[in-house]
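Values in this text are rule-based calculations from the coordinates and carry no lab data. Remember, predicted model here, so these are calculated numbers, not experimental data. With ideal geometry, Cβ positions are generated from the backbone for all residues, glycine too; neighbour counts draw on all protein chains shown.
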Amino acid sequence: MEMIFKQSPLGTVQDIDEKKGLVKGYGSYFDNKDSDNDVIKRGAYKKTIEENGYRVKYYYQHKLDQPLGKMTELYEDEKGLMFVAEIPKTQLGMDVLELMKAGVLTENSVGILPIQKKQMDGYREISEVKLYEISAVSLASNDQAKILDVKGTQAIEDQLKRYDQLVKLIRKGNISDEMGYAIESEIIKLKTIFKNVSTLPTVEVTTPELKNDFNVYGYLLNQLNK
């Protein structure tokens, strides 16, 4: 299982009243070959919307600890995956809305797990996915492993902190169905990051490096047992 992220233009922003804001846009487009040579077909989101659409949330930069709002509409049309998200006027929500209006945040990104896929001539066709979340993002499809490769050990430490946050959530117990879905998404994202890091070329750095055989699952279990 490996989570992938796909970008699309942000869409429109509408202030409904002083307490709420609506973001409307496409999470991804159909029949468009992206920089990873993937093509998502119409109907790819149909099953996941029916089964898990109510669990899908709107996040900032794909971060579990920075939720923006909930989906009020989520559906496929002839162009792609359309959504409408309601953003409460928290400080983060207001800041993000202002960044959208100013043109600083210009893209949405879906976090998806390809379910049905096949290799075609020059591209991979994806006909079914599991949708975990949609995020407002400032970076295009630079995958997080490449960012880690540039930032080095400190960025890896940041990812371990995400595991620590998961541990705190799991220890609390009484996890709702929606939170359980978000935790599943976060674990798959982190697995994808470390899997990709382990396959990157070795770069000479002056700071201590994390070995490729680092056991992220062991780390998580050890933290839970403390």
Beyond 32 Å (Cα-Cα) in this structure, taken from 46/189; 63/101; 117/172; 79/172, we find 117/172; 79/172
In the neighbourhood of residue 70 defined by beta carbon distances under 13 Å, the net charge of the other residues (Lys, Arg +1; Asp, Glu -1) is -1
Once the mean of 1/r over all distinct C-alpha pairs in segment 4-137 is inverted, the Kirkwood radius in Å reads 15.0 Å
The answer for residue 80, listing residues at least 5 apart or on another chain whose modeled amide H is closer than 5 Å to its amide H, is 30
